[in-house]
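*Asks:* This is the structure I want to talk about, given as structure tokens.
The values are calculated or read from the model by the stated rules, or taken from the named source; none is laboratory data. Remember, predicted model here, so these are calculated numbers, not experimental data. Note that each Cβ is placed from the backbone with ideal geometry, even for glycine, and that neighbours are counted across all protein chains shown.
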Amino acid sequence: MSRPFRIGAGAGYSGDRIEPARDLAERGELDVLVFECLAERTIALAQARRQQDPEAGFDPLLRERLRAVLPACLARGVRIVTNMGAANPLAAGRAALDVARELGLPRLRVAVVTGDDVLPWLAENDRPLIDGDGGAAAATASTASLAGRIVSANAYLGAEALLPALAGAPDLVITGRVADPALFLAPLVHHFGWAADDWLRLGRGIAVGHLLECAAQVSGGYIAEPGRFDVPRLEDVGFPLAEVGADGDAVITKLAGTGGRVDRLTCTAQLLYEIEDPASYLQPDVTADFSRVQLREAGADRVAVSGAAGRARPAELKVSVGVREGFIGEGQISYGGPGARARGELSLALLEHRLRVIGLDRLEHRAELIGVNAMHGAAAWDVAAEPAEVRVRLAASCATRAEAERIGQEVEALYLNGPAAGGGVTQGVREVLAVASCLVPREMVRPAVQWLEWQR
């Protein structure tokens with residue numbers, strides 16, 4: 001039998017750990033290493049950075065990640081595929097060449113996939129919004145109603161957009177917004193030669209990509225609960241890889257000697273993660289069907305995956321729209337020792353009064369005691385034991401930065417105008433970028449590949 005195709009997960013989000021990716025590059029005997037680094041808001045935040053600096057807007061850890069893995073990947077013939085290009089894939093490609101020169105590598109051939117940025121088209125074409133994240137953007141009817149506040153609009157490209165890049169024998173493929181599982185599907189389609197309408201195998205490839213896309217989440221990184229779901233050596237949890245056959249079935253595993261666990265439980269949890277309808281998981285390349293997936297333990301830290309299917313892909317592509325939603329102002333202060341909770345509750349009452357006095361009580365806000373009711377609110381259970389310490393937190397959604405700054409100032413004023421022995425005040429203001437979504441015709445999204453190359 002031919003050797004299975006080995007594809008590993010080097011990151012599950014923008015700030016993920018780097019050491020496990022280096023381990024995969026050096027010991028994984030991989031064909032492809034994938035870095036999936038874009039969350040819903042990440043590209044909008046990246047676009048805001050690009051507006052300040054034309055050479056910014058890609059993943060801030062791109063250089064550090066490439067320094068860690070490029071030498072081993074080039075030496076072993078491991079291809080890298082990543083969406084670390086975020087809002088500026090071309091600048092990311094140029095940064096990759098800088099790393100190659102810095103490391104004295106003999107060469108680096110980079111394929112940059114563009115075309116996901118549809119903001120110019122959306123500015124001239126109104127589209128209904130299909131969902132949002134609960135902000136004002138979610139309540140509006142169409143993209144036209146967001147005029148003046150839209151920061152970014154990026155279509156979710158599929159594996160199809162990456163295939164021309166992979167055909168050119170790159171060492172590194174850098175993209176912007178691509179559907180997370182498609183980053184893994186594209187190398188499988190390229191390697192095995194699956195047809196664009198081979199819905200069965202495409203569905204199976206999406207299942208593999210979905211299991212790997214959050215990295216350590218499938219190898220024990222997000223399931224630990226001491227005494228109930230124990231995870232060995234969580235401090236050294238390894239990132240996963242898949243051994244994939246030509247039929248699309250696979251084994252999910254991790255490197256020997258790494259911490260964590262790969263079993264039916266961890267794979268089931270990840271398979272169901274962010275899935276609304278397991279029988280109809282909409283992706284740019286295929287409508288995947290996970291409803292009959294079988295997970296079978298095939299050895300220590302080895303789970304065989306089979307039974308995924310698929311049918312024709314959607315006619316439209318989803319677009320993630322970043323929208324400016326004002327600011328969040330926040331302040332925190334701590335109280336400790338006997339009576340800490342009572343002093344914290346007095347602080348909350350004082351803050352509510354002072355918001356009314358300065359006319360900011362109209363703002364949507366939260367005033368809470370971390371450790372008492374911050375997560376559960378009014379549903380929090382009454383704890384009989386007096387806490388040794390509490391932390392007061394006041395946060396408010398504000399239209400202007402000045403309002404947001406005033407929130408933290410009111411908390412700091414508790415030093416001399418509040419209960420006894422408050423300390424450790426922090427203040428913060430952050431701009432809020434909400435996310436809305438719409439659909440666009442597939443034919444108006446035109447991916448392209450640009451090539452960058454370094455040769456010593």
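*Asks:* Return yes or no: is residue 23 in contact with a Leu (Cβ under 9 Å, 6 or more places away or on another chain) and in a loop (DSSP other than H, G, I, E, B)?
*Replies:* For residue 23, the condition - in contact with a Leu (Cβ under 9 Å, 6 or more places away or on another chain) and in a loop (DSSP other than H, G, I, E, B) - is not met.
*Asks:* Within the range 1-31, which residues are within 30 Å of residue 321 (Cα to Cα) and in contact with a strand residue (DSSP E or B) (Cβ under 6 Å, 6 or more places away or on another chain)?
*Replies:* 8, 9, 10, 11 - these are the residues of the range 1-31 that are within 30 Å of residue 321 (Cα to Cα) and in contact with a strand residue (DSSP E or B) (Cβ under 6 Å, 6 or more places away or on another chain).
*Asks:* Output the number of the condition that residue 174 fails; it satisfies all remaining conditions of (1) in contact (Cβ under 8 Å) with a residue 60 or more places away in the chain; (2) part of a helix (DSSP H, G or I).
*Replies:* With (1) in contact (Cβ under 8 Å) with a residue 60 or more places away in the chain; (2) part of a helix (DSSP H, G or I) applied to residue 174, the lone miss is (2).
*Asks:* Here's a follow-up. Filter the range 294-348 for residues that are farther than 30 Å from residue 206 by Cα and of a type in the set (A, V, I, L, M, F, W, C) and give the result.
*Replies:* 327, 328, 333, 340, 342, 346, 348 - these are the residues of the range 294-348 that are farther than 30 Å from residue 206 by Cα and of a type in the set (A, V, I, L, M, F, W, C).
*Asks:* Can you find a residue in the range 4-18 that is over 14 Å from the mean Cα position of the chain (by Cα) and without any contact (Cβ under 8 Å) to a residue 24 or more places away in the chain?
*Replies:* Applying the first criterion (over 14 Å from the mean Cα position of the chain (by Cα)) to the range 4-18 yields 4-8, 18.
Remaining after also requiring without any contact (Cβ under 8 Å) to a residue 24 or more places away in the chain: none.
Within the range 4-18, not a single residue is over 14 Å from the mean Cα position of the chain (by Cα) and without any contact (Cβ under 8 Å) to a residue 24 or more places away in the chain.
*Asks:* Okay, next question. Quick check, is residue 45 modelled with pLDDT under 95 and touching a strand residue (DSSP E or B) at 6+ places or on another chain (Cβ under 8 Å)?
*Replies:* Yes; evaluated as a whole, the condition is true for this residue.
*Asks:* Go through the range 214-249 and give me each residue that's touching a Lys or Arg at 6+ places or on another chain (Cβ under 8 Å) and polar (S, T, N, Q).
*Replies:* Of everything in the range 214-249, just one residue is touching a Lys or Arg at 6+ places or on another chain (Cβ under 8 Å) and polar (S, T, N, Q), namely 219.
*Asks:* Every residue in the range 31-60 that is assigned to a loop (DSSP other than H, G, I, E, B) and surrounded by fewer than 24 Cβ atoms within 10 Å (Cβ to Cβ), please.
*Replies:* Of everything in the range 31-60, those that are assigned to a loop (DSSP other than H, G, I, E, B) and surrounded by fewer than 24 Cβ atoms within 10 Å (Cβ to Cβ) turn out to be 31, 39, 40, 41, 53, 54, 55, 56, 60.
*Asks:* Sticking with this structure for a sec: Checking the condition of a type in the set (A, V, I, L, M, F, W, C), touching a strand residue (DSSP E or B) at 6+ places or on another chain (Cβ under 8 Å) and buried (at least 17 other Cβ atoms within 10 Å of the Cβ), which residue from 162, 119 passes?
*Replies:* 162
*Asks:* A follow-up question, please. Looking at the range 425-444, I want the residues that are without any contact (Cβ under 8 Å) to a residue 12 or more places away in the chain and have a partner that is among the small types (Gly, Ala, Ser) and assigned to a strand (DSSP E or B) with Cβ atoms under 7 Å, at least 6 apart or on another chain. Which pairs are those?
*Replies:* Once the first residue is without any contact (Cβ under 8 Å) to a residue 12 or more places away in the chain and sits in the range 425-444, no partner that is among the small types (Gly, Ala, Ser) and assigned to a strand (DSSP E or B) comes close enough.
*Asks:* Now a separate question. For the range 405-440, give me each residue that is touching a helix residue (DSSP H, G or I) at 6+ places or on another chain (Cβ under 6 Å) and more than 30 Å from residue 126 (Cα to Cα).
*Replies:* 410, 414, 418, 419, 422, 425, 427, 429
*Asks:* Here are 251, 321, 305, 262: which of them is assigned to a strand (DSSP E or B) and under 22 Å from the mean Cα position of the chain (by Cα)?
*Replies:* 321
*Asks:* In the range 336-363, how many are within 35 Å of the chain's Cα centre (by Cα) and either over 20 Å from residue 396 (Cβ atoms) or not in a helix (DSSP H, G or I) (or both)?
*Replies:* Selection size over the range 336-363: 4.
*Asks:* Is there a residue being at positive phi, free of Cβ contacts under 8 Å to residues at least 12 places away in the same chain and in a loop (DSSP other than H, G, I, E, B) anywhere in the range 267-279?
*Replies:* Yes: one or more hits.
*Asks:* Does at least one position in the range 281-291 carry a residue that is assigned by TED's automatic domain parsing to the domain that holds residue 179, hydroxyl-bearing (Ser, Thr, Tyr), buried (at least 21 other Cβ atoms within 10 Å of the Cβ) and touching a Pro at 6+ places or on another chain (Cβ under 9 Å)? So that I can check it myself, show each step before the final result.
*Replies:* Filtering the range 281-291 for residues assigned by TED's automatic domain parsing to the domain that holds residue 179 gives 281-291.
Going one step further and asking which of them are hydroxyl-bearing (Ser, Thr, Tyr), we end up with 281, 287, 291.
Retained after the next criterion (residues that are buried (at least 21 other Cβ atoms within 10 Å of the Cβ)): 281.
Checking the rest, the ones that are also touching a Pro at 6+ places or on another chain (Cβ under 9 Å) come to 281.
Yes; the residues of the range 281-291 include at least one that is assigned by TED's automatic domain parsing to the domain that holds residue 179, hydroxyl-bearing (Ser, Thr, Tyr), buried (at least 21 other Cβ atoms within 10 Å of the Cβ) and touching a Pro at 6+ places or on another chain (Cβ under 9 Å).
*Asks:* Scanning for something surrounded by fewer than 16 Cβ atoms within 10 Å (Cβ to Cβ) and touching a Leu at 6+ places or on another chain (Cβ under 9 Å), does the range 205-217 turn up at least one residue?
*Replies:* no
*Asks:* Being on the phi < 0 side of the Ramachandran plot, out of contact with any helix residue (DSSP H, G or I) (no Cβ under 8 Å at 6 or more places or on another chain) and surrounded by fewer than 14 Cβ atoms within 10 Å (Cβ to Cβ) is the requirement here; does residue 443 meet it?
*Replies:* yes
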